[in-house]
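First up is the structure itself, then whatever we jot down about it.
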Amino acid sequence: MEGGPLHQLEMRHRRFKTQHSTVHMRKQNAVCVRRAYKRYGTKKNPFLILEGLNMTVPKGVIYGLLGASGCGKTTLLNCIVGRKRLNSGEIWVLGGRPGSRGSGVPGPRIGYMPQEIALYGEFSIRETLKYFGWIAGMNNLQIQDRLEFLINFLMLPNADDMVKNLSGGQQRRVSLASALLHEPELLILDEPTVGVDPLLRQNIWDHLVEITKNGLTTVIITTHYIDETRQAHLIGLMRGGYFLAEESPENLLRQFETDTLEHVFLKLSVMQNLGCQSRSTLARSVSNVVGTPNGVFVNDALGVDNLDASDKSEISGEFGDNTSLSGRSGRSGRSIRNSRRVSPGAGELPVVPPQDIVPTKISDYFLILQNHHMKALIWKNFLWMIRNSPVMLFITLLPVAQIVLFCASIGHDPVSLPVAVVNYESQNSDCLTPLHCNSTKLSCNYVSYLKKKDLILHHYTSEEDANESVRKGLMYASIIIKHNYSSALQARMSDLRSTLPWDIKSSEIDVYRDVSSKTIAQFLQAYLYDTFQLFIQDYLETCDYDRHLLQFPIRMEKPIYGLSYPNFTDFATPGIILTVIFFLAVSLTSGAMLIERNEGILERSLVIGISGVELLTAHVVCQFVVMVIQSIMVMVFAFALFHMTLTGSLVLVTILTFMTGFCGMCYGFVVSCLCSSERTATYVAMGSFLPTVMLCGIIWPSEAMNYILRAFAVLLPLTKATESMRSILQRGWNLYEPTVYVGFIAIGTWIVIFLSVSVLFLKFNKG
Ligand SMILES: Nc1ncnc2c1ncn2[C@@H]1O[C@H](COP(=O)(O)OP(=O)(O)OP(=O)(O)O)[C@@H](O)[C@H]1O
């Protein structure tokens, strides 16, 4: 350096003084991070990752981001690409704030290679690049050109090889190719050279040097191979939530008088650990005025103490200054903690300058779905379904299988019930004479009526033995008929007024039941009553009486709605159809979303510019097709094959079923937003399935429910929809009936609620 220290100080002071607009300067850089604070955990128990970090990446440089595993490099990159938000501080990327309207970030201006492979194993290399190319707005010809170049350059195998069949290193290279494909302005590569052989690693670096030469492309790269970043123009050494240095590799090596960057990092870390030095002192030891390829100056703290306060804050901001004067208050001389858990309230920051207001056109508000995005997403979703066709076939047929099982197994009258009979009058012998008015073996005639009811009768000789068989669980009931049954019954019927108590008692048939199964016990009771009624009316006719004399004197006329003999299947069918369609849509949607998210492809798609609304819409389109097929098949099986009652409009039933499936899809979106793994999503789906079945009046009338629960159950998505469908099916009601349209309104409201929650979640939940 020329001149004395005073001259140098003067020169530097002048240089700093010329910078008037910090915001303007920040926008000139490819990336500019100022006073970034990022914590995980809760406010009470925070885990601080970025602690007042400043970073400046001028345009057209390769920026090597170095730091120990877990120091927060990926977190920083995620904040830069707009996938995570800082707790405080500012980030400028390509002149705008990530995520702000008109910034283009996230968007195709960025090429992002995350640390994970983040690709679909079932797609070929060509299909993978086609998907990302389409999202970036490339046409097929452009994609093909770049594909050929990247396959050769990255030494990839055949373009039609499936990603899952590639080695780990090859998969990483496909991931790198996806980031390089559309030649973005800013390339963010999280450990691209892991598992790559040294020759190819060198080629990759050469390529990065090549593409940054014209100053139009900027690269931020993280790596664990510290010495490979010698080819970077700038290196940021990250430790303890901020940068120990942000310099060119040559300067770091020169200042530390060492041959390897590893040693530089080691020395800086040791110095930081000494803790007695302020960060400005630390930086003073390592920094000097350094020219970057674009002539941008970095990290010079020398002489800044002589500047006035306003200058200091500008300098610390503008120069990616890791001496961070503005963020230094209260931290000077503090040693880095081994555990970076900090007390609540740490990290109070100066006010961040206001964000520029980007003028928005009205058309921006209508441009929610971009054609090339939708084309790529829908194509990708259908391709995924085709590649997973066995699973998709299973999922598509599952509702049909369930409705078939339901129709075949639920709601029918139980048959072949074993019953013990002790007939003391006929001694269990077969009836030799038909029913007639003077019969002395009426009991035997009644027993033959019971046989017609498809009961399996077992004859016993004593009441004790018959009851014992019930006690042992062999029979559902024992029927005991007394010695003089016929004469007692005839006496009872001939003169009601003077019937003796003895005859009343003897004309009764005693039944001992096992009522542990309420349904069976009720059916058996009904069988015995019905059979006896038929028997006694037939008997009356043989004695020339009107058979209606012994009919229960309340007459059930033909029902206004429903069948004369209503069955449980008809009652439960609407709820079962809606529940099956709803919950299969939940599991299909949440599963697809979680696979997309957990395989990392979602993150990647969002960084390249896909919006939450586009993502949801594409899933809705693809899964709606599946749901429509499922619903149509379910209805064909329920109404055409199993002849479930359908008196109303099939169109209304179909629309309601589609809406319910759509509502299930939207709930699936919410579940996938709230759950981090498929296992948790399965628990949530299962956890909501049973309450829905129990509370929505599907298997038992809601009128029988506890009144508080009933008030709550009314609000659930399927309660009103089930009532509505039941009314269409059984009563033949139309849409103008309140019960019917309330069901539609209820399910529509839930669709809006679930969709809004999902869209808001995708929009705002960033880290
Ligand atoms: N979502 C999260 N919730 C809580 N802690 C997290 C979360 N993501 C990351 N962390 C923690 O933050 C720290 C920094 O993680 P990050 O992935 O940014 O580190 P890194 O420097 O990229 O590490 P590596 O080089 O190993 O990839 C780690 O201790 C990690 O466990």
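The values are calculated or read from the model by the stated rules, or taken from the named source; none is laboratory data. Small disclaimer: the values here were computed from a predicted structure and weren't measured. Counting neighbours? That spans all protein chains shown, and the Cβs are built from the backbone with ideal geometry, glycine included. Quick note on the areas: whole protein, heavy atoms, side chains included, nothing else; ligands and nucleic acids left out. Shrake-Rupley method; radii C 1.70, N 1.55, O 1.52, S 1.80 Å.
Miscellaneous remarks
- Residue, most open to solvent (accessible area, probe 1.4 Å), within the range 42-84, restricted to residues that are near the ligand (Cβ under 8 Å from one of its atoms) and either touching a helix residue (DSSP H, G or I) at 6+ places or on another chain (Cβ under 9 Å) or of a type in the set (Val, Ile, Thr) (or both): Ala68
- Selection from the range 103-125 of residues that are within 16 Å of the ligand (Cβ to nearest atom) and of a type in the set (Gly, Ala, Ser): Ala118
- Val219 being under 28 Å from Ser175 (Cβ atoms), touching a strand residue (DSSP E or B) at 6+ places or on another chain (Cβ under 8 Å), in a strand (DSSP E or B) and more than 16 Å from the ligand (Cβ to nearest atom): yes
- The set of residues from the range 127-152 being surrounded by fewer than 19 Cβ atoms within 10 Å (Cβ to Cβ) and farther than 13 Å from Ala177 by Cα comprises Gly137, Asn139, Asn140, Leu141, Gln142.
- Here Ser100 qualifies as away from the ligand (no atom under 16 Å from the Cβ) and on the phi < 0 side of the Ramachandran plot.
- Count of the range 606-661 residues which are open to solvent by less than 50 Å² (accessible area, probe 1.4 Å) and not in a helix (DSSP H, G or I): 8
- Scanning the range 153-170 for residues that are of a type outside the set (Lys, Arg), at pLDDT 90 or above and open to solvent by 30 Å² or more (accessible area, probe 1.4 Å) returns Pro157, Asn158, Asp160, Asp161, Met162, Asn165.
- Residues in the range 736-752 that are in contact (Cβ under 8 Å) with a residue 40 or more places away in the chain and surrounded by fewer than 16 Cβ atoms within 10 Å (Cβ to Cβ): 1 in all.
- Residues that are in contact with a helix residue (DSSP H, G or I) (Cβ under 9 Å, 6 or more places away or on another chain) and either in a helix (DSSP H, G or I) or in the same structural domain as Asp503 (by TED's automatic domain parsing) (or both) occur in the range 466-475; there is at least one.
- Test: residue in the range 19-28 that is open to solvent by less than 30 Å² (accessible area, probe 1.4 Å), under 30 Å from Gly240 (Cα atoms), modelled with pLDDT under 85 and within 37 Å of the chain's Cα centre (by Cα): no
- Every residue from the range 497-522 that is open to solvent by less than 60 Å² (accessible area, probe 1.4 Å) and in a helix (DSSP H, G or I): Asp503, Ser506, Ile520, Ala521
- Hey, Ser124 surrounded by fewer than 19 Cβ atoms within 10 Å (Cβ to Cβ), among the small types (Gly, Ala, Ser) and more than 19 Å from Leu76 (Cβ to Cβ) or not: no
- Any hit, the range 593-605, residues being without any contact (Cβ under 8 Å) to a residue 40 or more places away in the chain and assigned to a loop (DSSP other than H, G, I, E, B): no
- Residue count, the range 219-241 (criterion: in contact with a Ser or Thr (Cβ under 7 Å, 6 or more places away or on another chain) and open to solvent by less than 40 Å² (accessible area, probe 1.4 Å)): 6
- Taking the range 85-97 as the range and being more than 16 Å from the ligand (Cβ to nearest atom) and polar (S, T, N, Q) as the test, only Ser88 passes.
- Search result, residues across the range 705-725 that are of a type in the set (A, V, I, L, M) and either open to solvent by 60 Å² or more (accessible area, probe 1.4 Å) or free of Cβ contacts under 8 Å to residues at least 24 places away in the same chain (or both): Met705, Ile708, Leu709, Ala711, Ala713, Val714, Leu715
- Some residue of the range 435-448 being assigned to a helix (DSSP H, G or I), surrounded by fewer than 17 Cβ atoms within 10 Å (Cβ to Cβ) and not assigned by TED's automatic domain parsing to the domain that holds Met633: yes
- For Ser426, the stated conditions hold: it is of a type outside the set (Asp, Glu), surrounded by 19 or more Cβ atoms within 10 Å (Cβ to Cβ) and at pLDDT below 90.
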